[in-house]
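Enquirer: One structure coming up, written as structure tokens, with questions to follow.
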Amino acid sequence: AKPVLLASLLAAFVLAGCVVTSVYPWYTARDVVFDPALGGVWLGPDANAKTNEFWQFEKLGEQAYKLTIVDSDDKRTEFDASLFTLDKRRYLDCLPRNREGEGIPPHYLMRVDAVATALDLSLLDFGWLKKLVSDDPNAIRHVIVPKPLGETGDGDFVLTANTAELQAFLRKHA
């Protein structure tokens with residue numbers, strides 16, 4: 001097993017509460033790359049703790065991965081994951097494999113900072129993006145999906161920009 005995956009990222013990604021989602025993928029077919037070093041099981045940063053949490057990347061087709069995230073309650077969440085390069089930076093676009101209901105499945109974005117003895121990933125900062133579009137609503141196309149009646153909160157922030165717009169946004173704000 002490979003040693004380290006950031007615990008805060010693991011929790012945030014699995015819970016997907018304040019995580020930026022997109023209707024469109026963040027990549028095109030020509031951007032996709034494959035890195036065999038990503039494959040395998042990645043444990044949380046406290047690998048000696050009594051926890052079952054891990055991320056597992058399995059090759060899926062020629063240039064994609066099946067990502068399985070297992071949380072501390074042994075809940076399994078699976079994604080189709082595509083590693084891609086944009087301006088010499090690597091990113092991971094994750095699309096849930098479980099697509100129940102009528103909704104459009106969300107694309108999640110993570111920047112891949114390292115794949116070695118540790119898997120170092122970063123999520124797009126939800127608070128920063130929310131402030132950016134609050135200050136400039138035209139910064140990137142988005143919608144706020146209202147919470148169900150009776151629930152409190154601002155609603156879910158969903159990017160509706162197409163892939164070309166998403167990539168231009170990444171290039172500008174990387």
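The values are calculated or read from the model by the stated rules, or taken from the named source; none is laboratory data. These numbers come from a predicted model, not from an experiment. In this analysis, Cβ positions are derived from the backbone assuming ideal geometry, glycine residues included, and neighbour counts consider all displayed protein chains. Calculation scope for accessible area: heavy atoms of the full protein, side chains included, ligands and nucleic acids excluded. Shrake-Rupley method; radii C 1.70, N 1.55, O 1.52, S 1.80 Å.
Enquirer: Does ARG76 meet the test of being open to solvent by 50 Å² or more (accessible area, probe 1.4 Å), closer than 30 Å to ARG141 by Cβ and either polar (S, T, N, Q) or modelled with pLDDT of 85 or more (or both)?
Expert: So ARG76 fails the test.
Enquirer: Shifting gears a bit: Output the qualifying pairs, or none if there are none: Cβ atoms under 7 angstrom, residues six or more apart or on different chains, first residue in the stretch 154-172 and closer than 16 Å to TYR91 by Cα, second residue part of a helix (DSSP H, G or I).
Expert: Filtered contacts from the stretch 154-172: no entries.
Enquirer: Hey, can you tell me all the residues within the stretch 65-110 that are free of Cβ contacts under 8 Å to residues at least 24 places away in the same chain, within 20 Å of LEU159 (Cα to Cα) and under 13 Å from the mean Cα position of the chain (by Cα)?
Expert: Passing the criteria: ASP80, PRO96, PRO105.
Enquirer: Going through the stretch 154-174 one residue at a time, which ones are modelled with pLDDT under 85 and open to solvent by 60 Å² or more (accessible area, probe 1.4 Å)?
Expert: Within the stretch 154-174, ASP154, ASP156 meet the criteria.
Enquirer: Just checking, how many residues over the stretch 96-123 are open to solvent by less than 40 Å² (accessible area, probe 1.4 Å), closer than 24 Å to LYS172 by Cβ and not small (Gly, Ala, Ser)?
Expert: 7
Enquirer: Does at least one position in the stretch 64-83 carry a residue that is in a helix (DSSP H, G or I), over 17 Å from VAL32 (Cβ atoms) and touching a Phe, Trp or Tyr at 6+ places or on another chain (Cβ under 7 Å)?
Expert: The answer is no, given that none of the residues of the stretch 64-83 is in a helix (DSSP H, G or I), over 17 Å from VAL32 (Cβ atoms) and touching a Phe, Trp or Tyr at 6+ places or on another chain (Cβ under 7 Å).
Enquirer: For the stretch 134-151, state whether one or more residues are under 23 Å from PHE84 (Cα atoms), open to solvent by 70 Å² or more (accessible area, probe 1.4 Å) and over 18 Å from the mean Cα position of the chain (by Cα).
Expert: yes
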